[in-house]
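Single-structure report; data block below.
The values are calculated or read from the model by the stated rules, or taken from the named source; none is laboratory data. Remember, it's a predicted structure, so these values are computed and weren't measured experimentally. Ideal geometry is used to build each Cβ from the backbone, glycine not excepted, and the neighbour counts take in all protein chains shown. These area figures cover heavy atoms from the full protein model, side chains too; ligands, DNA and RNA do not enter into them. Shrake-Rupley method; radii C 1.70, N 1.55, O 1.52, S 1.80 Å.
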Amino acid sequence: MSIATPPTRAAAPERPAARRPNRMRAWATRAPLLPALIFMILVTQLPFVATLVISFFDWNALYPTDRHFAGFANYSEVLSTPDLRKSVVTTVLLTVTVVLVSLVLGLALALLLDRRFRGRAAVRTMLIAPFLLVPIAAALLWKHVLFNPEYGLFNGILHWIGGDGAPQPDWISEMPLMAVEASLIWQWTPFMTLILLAGLQSRDAQLLEAARMDGANDWQVFVHITLPHMRRYLELSVLLGSIYIVQNFDAVYTITSGGLGTANLPYTIYQTFYQAHENGLASAAGVIVVIGSLILATFALRVVSSLFRAEVSR
């Protein structure tokens, strides 16, 4: 005589009442972030949406009633107008020069600051100081204190070395783009130094000690250990520096006022909007700058996330 086993009872589905406390707890943790999120949307996203809408209109501020939908005509004009195309080339040249020179100088300074010596903390503080200056103040410093042909420091040094017959160049008029680049390199090299110094200090000390014990010299350690380890930090420095330099307006406006072939895309947008009063054209150029910055920022975020994953996996 077999005893029938009772059928197994299926697991009861989770009741909605059980899921409700989890949802309430999740909303309770997100609620403090909602004011900041709403503020960010109001301050950043709504103006960008308005700029995007205006970019599709032929709209001159001097004739507010004579505006009409133009489609992508403003974007094609941005990419075809000689002055705007020249500003794009100037922006690329300015960005590449400033980022590469700042990166090389930042790496050299980071290697020096990675060594132990007396007064290292004070030297680090002094090196960071240019990056903490307001960009307009830094540009004014270079324009009047260093570049001025009558009482500037550079011409004063030349006069002190060569006497009355020493050359007294007008730095801004004779080499305008280089003058802007020098100001930006001076201000952004500390930024590169901070990122690269953090990468140097995250190296595996045991690996470095093992390489020294195997007879590797400083150059071999730098080429075979330091550079491969610093690849992501170098990429991050290039990407973040490019994002900021592409959008730079202060140095060009303050030192040269966009003249002598130094007008980059942000200055051209300012000139188109405030002097030509072409709202649609300026908005289209601004959208192009934002899209380029977003592309660079996407790569930068990927590099940052890969750095965090590498640190967590150690």
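A search for C-beta distances below 8 Å between a residue of the range 172-196 that is under 19 Å from GLN247 (Cβ atoms) and any residue that is part of a helix (DSSP H, G or I) and of a type in the set (Asp, Glu), counting only pairs 6+ apart in sequence or on different chains, returns nothing. Scanning the range 29-88 for residues that are part of a helix (DSSP H, G or I), of a type in the set (S, T, N, Q) and either more than 24 Å from LEU294 (Cα to Cα) or without any contact (Cβ under 8 Å) to a residue 12 or more places away in the chain (or both) yields THR29, THR44, GLN45, SER76, SER80. Quick check on PHE222: is it at pLDDT below 80, part of a helix (DSSP H, G or I) and in contact with a Leu (Cβ under 9 Å, 6 or more places away or on another chain)? So PHE222 does not fit the description; no. Residue under question is ALA216, and the condition is that it be free of Cβ contacts under 8 Å to residues at least 24 places away in the same chain, surrounded by fewer than 20 Cβ atoms within 10 Å (Cβ to Cβ), more than 16 Å from the chain's Cα centre (by Cα) and not in a helix (DSSP H, G or I); does it hold? Criteria met by ALA216. Residues to consider are LEU93, LEU62, LEU79; find the one that is within 20 Å of the chain's Cα centre (by Cα) and open to solvent by 80 Å² or more (accessible area, probe 1.4 Å). Result of the check over LEU93, LEU62, LEU79: LEU93.
Yes/no per residue for (1) under 19 Å from the mean Cα position of the chain (by Cα); (2) open to solvent by less than 30 Å² (accessible area, probe 1.4 Å):
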residue	(1), (2)
GLU235	yes, no
ILE245	yes, yes
THR256	no, yes
ASN264	yes, yes
TYR270	no, no
GLU278	no, no
SER283	no, yes
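Looking for something of a type outside the set (D, E, K, R), modelled with pLDDT under 90 and more than 27 Å from THR90 (Cα to Cα) - is there at least one such residue anywhere in the range 170-192? No, the range 170-192 contains no residue that is of a type outside the set (D, E, K, R), modelled with pLDDT under 90 and more than 27 Å from THR90 (Cα to Cα).
Tell me which residues, restricted to the range 289-302, are of a type in the set (Val, Ile, Thr) and open to solvent by less than 50 Å² (accessible area, probe 1.4 Å).
In the first step, residues of the range 289-302 are kept if they are of a type in the set (Val, Ile, Thr); the result is 289-291, 295, 298.
Hit for the range 289-302 is VAL289, nothing else.
Within the range 41-53, one or more residues are at pLDDT 80 or above and more than 23 Å from the chain's Cα centre (by Cα). Condition (residue is surrounded by 10 or more Cβ atoms within 10 Å (Cβ to Cβ) and modelled with pLDDT of 80 or more) applied to the range 26-35: is it met by at least one residue? No, every residue in the range 26-35 fails to be surrounded by 10 or more Cβ atoms within 10 Å (Cβ to Cβ) and modelled with pLDDT of 80 or more. Among all residues of the range 173-186, there is at least one that is closer than 22 Å to ASP114 by Cβ and surrounded by 15 or more Cβ atoms within 10 Å (Cβ to Cβ).
With ALA198, ALA211, ALA251 as the choices, which residue is in contact with a His (Cβ under 8 Å, 6 or more places away or on another chain) and assigned to a helix (DSSP H, G or I)?
On the way: ALA198 fails: in contact with a His (Cβ under 8 Å, 6 or more places away or on another chain); ALA251 fails: in contact with a His (Cβ under 8 Å, 6 or more places away or on another chain).
The unique qualifying residue is ALA211.
Within the span defined as the range 135-144, one or more residues are in contact (Cβ under 8 Å) with a residue 40 or more places away in the chain and either β-branched (Val, Ile, Thr) or more than 30 Å from GLN247 (Cβ to Cβ) (or both).
So, TYR270, is that one free of Cβ contacts under 8 Å to residues at least 24 places away in the same chain, part of a helix (DSSP H, G or I) and in contact with a helix residue (DSSP H, G or I) (Cβ under 8 Å, 6 or more places away or on another chain) or not?
yes
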